[in-house]
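Structure record follows, encoded as structure tokens.
The values are calculated or read from the model by the stated rules, or taken from the named source; none is laboratory data. All values derive from a computational prediction rather than experimental measurement. Counting neighbours? That spans all protein chains shown, and the Cβs are built from the backbone with ideal geometry, glycine included. We work out accessible area using only protein heavy atoms, side chains counted, and drop any ligands, DNA or RNA first. Shrake-Rupley method; radii C 1.70, N 1.55, O 1.52, S 1.80 Å.
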Amino acid sequence: MEPQSPWFLLILFILGLCTGVEGEKPSACQCSRLDPKNRKNCGFPGISGEECFASGCCFDTQVPGVPWCFTPLPKEESEECVMEVKARVNCGYPAISPETCKSRGCCFDDQIPEVPWCFYPLPVNECHY
């Protein structure tokens, strides 16, 4: 028996990686708090809700003219803190520490410059799929 070609082994490795990849279904807040006009396509024409969620994307067919399978908002430490940047209402002051912000009952996320890093949470009961 001859040794396998490196290309054959590479292809098998890649196929193995692809079959094991499955996205985590995003939370309802990651999907419903995104303005429909800001949706980024995450699927293909005819994708089902099940396929879309399985790939880690959001699915909503209620708004015509925008992608139905779309990239979710980033995951946050708390569901109450998942929101678009434009929805943030300042709860702190410049250079507030994460600890001080959280002691006020607020959310802290310093990933985006020039927006409030300490901001008020939103009720989770408003989230839906």
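Of the residues making up region 97-111, those that are assigned to a loop (DSSP other than H, G, I, E, B) and either open to solvent by 90 Å² or more (accessible area, probe 1.4 Å) or among the small types (Gly, Ala, Ser) (or both) are 97, 104, 105, 111. Only a single item in (1) part of a helix (DSSP H, G or I); (2) more than 18 Å from residue 26 (Cα to Cα) is not met by residue 80, and it is number (2).
For residue 114, state whether it is under 15 Å from the mean Cα position of the chain (by Cα) and in a loop (DSSP other than H, G, I, E, B).
So residue 114 does not fit the description; no.
Of all residues in region 114-129, those that are under 26 Å from residue 68 (Cα atoms) have Cβ atoms under 9 Å from Cβ atoms of residues that are charged (D, E, K, R) and not in a helix (DSSP H, G or I), 6 or more apart or on another chain, in 122/33; 126/33; 127/33; 129/60.
Considering only residues that are of a type outside the set (Gly, Ala, Ser) and farther than 21 Å from residue 33 by Cβ, which ones fall in region 88-113?
Residues of region 88-113 of a type outside the set (Gly, Ala, Ser): 88-91, 93-94, 96, 98-102, 104, 106-113.
Selection gives 93, 94, 96, 98, 99, 100, 104, 113.
Filter region 70-96 down to the residues that are open to solvent by 40 Å² or more (accessible area, probe 1.4 Å) and over 16 Å from residue 58 (Cβ atoms) and list them by number. Even if it seems obvious, please write down each step before you answer.
Going through region 70-96, the residues open to solvent by 40 Å² or more (accessible area, probe 1.4 Å) turn out to be 71, 74-77, 79-80, 85-87, 89-90, 93-95.
The answer is 77, 80, 85, 86, 87, 89, 90, 93, 94, 95.
Every residue in region 22-43 that is in contact with a strand residue (DSSP E or B) (Cβ under 8 Å, 6 or more places away or on another chain) and either in a loop (DSSP other than H, G, I, E, B) or over 28 Å from residue 110 (Cα atoms) (or both), please. Passing the criteria: 26, 34, 39, 40, 42, 43.
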